[in-house]
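The values are calculated or read from the model by the stated rules, or taken from the named source; none is laboratory data. Here the structure is a predicted model, which means the values were calculated and not measured. Don't worry about glycine lacking a Cβ; one is built from the backbone with ideal geometry, like all the others, and counts go over all protein chains shown. The accessibility values were calculated without ligands, DNA or RNA, using every heavy atom of the protein model including side chains. Shrake-Rupley method; radii C 1.70, N 1.55, O 1.52, S 1.80 Å.
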Amino acid sequence: QVRIVESGGGLVQPGGSLRLSCEASGFTFNAYGIRWYRQAPGKERELVAGISSAGLSTNYADSVKGRFTISRDNAKNTAYLQMNVLKPEDTAVYYCNAALLWSDFWGQGTQVTVSS
């Protein structure tokens, strides 16, 4: 059974940091690219960051470049999103996505709220 579980969200003050985790099971994790998306209230889901299956290539939305870092540990079937210098506009539900050709899996999301 395929399972993706995000964790690590919460309430943080502006300028603070959080690290999100994406734990996967039920599929060959190291064959899949991983992406983090986010969706704020009233807005469309947007791509935040992506990492290739072996972790050799990453990409970021312009809005998070220099502040967020995506990584993965294939031995633990887990991906991460380190978020630094958080801003109120980073408030959203963050989703982990695993994708390979026609195969596409999603987690349930974790809430990140940046507020003083």
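How many of the residues making up the range 59-75 are charged (D, E, K, R) and under 14 Å from residue 32 (Cβ atoms)?
Residues of the range 59-75 that are charged (D, E, K, R), as a first pass: 62, 65, 67, 72-73.
Remaining after also requiring under 14 Å from residue 32 (Cβ atoms): 72-73.
Residues meeting the conditions: 2.
Note on the range 30-116: enclosed strands (runs of 3 or more DSSP E) holding 1 or more residues that are modelled with pLDDT of 95 or more and farther than 15 Å from residue 7 by Cα are 33-39, 46-51, 58-60, 68-73, 92-100, 103-106, 110-114.
Considering the range 1-29, the residues that are β-branched (Val, Ile, Thr) and outside any strand (DSSP E or B) include one that is most open to solvent (accessible area, probe 1.4 Å), namely 28.
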